[in-house]
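Peer 1: Here it is, the structure, as structure tokens.
Throughout, read-outs are computed from the coordinates displayed, never taken from laboratory work. Fair warning: this is a prediction, and the values are worked out from it, not measured in the lab. Using ideal geometry, Cβ is built from the backbone for each residue, glycine included, and neighbour counts are taken over all protein chains shown.
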Amino acid sequence: MRVEKDWTKKTMWRSRVLSPEAIQAVQSLKLAKSPGKLAEVFANRISRLMKADLLDTLYELQRQNEVELALQSSNIEMAEQLFGELEKEGLRPDTRTYTEMIGAYFRIKMIEKAMESNESMKGSGCVPDKLTFRILIKNLEKTGKKELIATVKKDCLSYIKYPEKFLEEVEKTYPKRRLLNVV
């Protein structure tokens, strides 16, 4: 019997009940509101899960549209592992998941990895949204990457409705720097 790699078939195939550990991990992630609490949950709950429970936790978070919680770890290796597990198990990351990964890379100043994630997102068929572009522009502006900002602004023309208005809003939101001239 061949097992399909999409969410609905996978759910039926893995129709087991979540373990208490997986349930506690999901609840703990959803209750953690600050980066410090999230780090604590990753250190005390997520890092100790067996692979099957980790995958069950990811499935449940995706079912609840909360998978980005799992990617908000300050431990980038853990976030990359979780992201990799999503893809290995046939779960398709969505725009929000990619955006969280991009944000995670920017938090630890891994600009190239953030840009690679942006390209992977577009290559996977996910469409960057306004939040994705705000995170990219804001963080690239902080690093002074004018060429990358120009590239991201050009992408806005392809993906955002009324890109000029959006870029003006971004400039008003972050007025201290004037690198965001409308294309």
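Peer 1: Spelling out what I want: for every residue of the range 114-119, take phi, set θ = phi - 60°, compute 6.51 cos²θ - 1.76 cosθ + 1.60 (Karplus), and round to whole Hz; glycine and proline get x.
Peer 2: Running phi through 6.51 cos²θ - 1.76 cosθ + 1.60 with θ = phi - 60° gives 4, 5, 4, 5, 4, 5 Hz.
Peer 1: Next question, about the same structure. With labels modelled as points extended 7 Å from the Cα through the Cβ direction, what inter-label distance (nm, one decimal) is found for Ala43 paired with Thr143?
Peer 2: Label-label distance for Ala43 and Thr143, simple model: 2.7 nm.
Peer 1: So, one more: With label points built 7 Å along Cα→Cβ from the Cα atoms of Val17 and Glu77, find their separation and express it in nm.
Peer 2: Distance between the two pseudo-spin positions: 3.6 nm.
Peer 1: If you take the alpha carbon radius of gyration of the range 36-115 and divide it by 2.2 N^0.38 Å, what ratio comes out, to two decimals?
Peer 2: The reported ratio for this selection is 1.02.
Peer 1: Each label point is 7 Å from the Cα along the Cα-to-Cβ direction; what then is the distance between the points at Ser124 and Glu66, in nm?
Peer 2: Between Ser124 and Glu66, the simple spin-label model gives 2.0 nm.
Peer 1: Please work out how much length the chain gains when fully extended from Lys51 to Glu89, using 0.36 nm per residue of separation minus the C-alpha to C-alpha distance, in nm with one decimal.
Peer 2: 12.5 nm
Peer 1: Using the Karplus equation 6.51 cos²θ - 1.76 cosθ + 1.60 (θ = phi - 60°), what ³J(HN,Hα) coupling, rounded to whole Hz, does each residue of the range 26-42 give in order, writing x for Gly and Pro?
Peer 2: The phi angles translate into 4, 4, 4, 4, 5, 7, 6, 9, 10, x, x, 5, 4, 4, 5, 5, 5 Hz.
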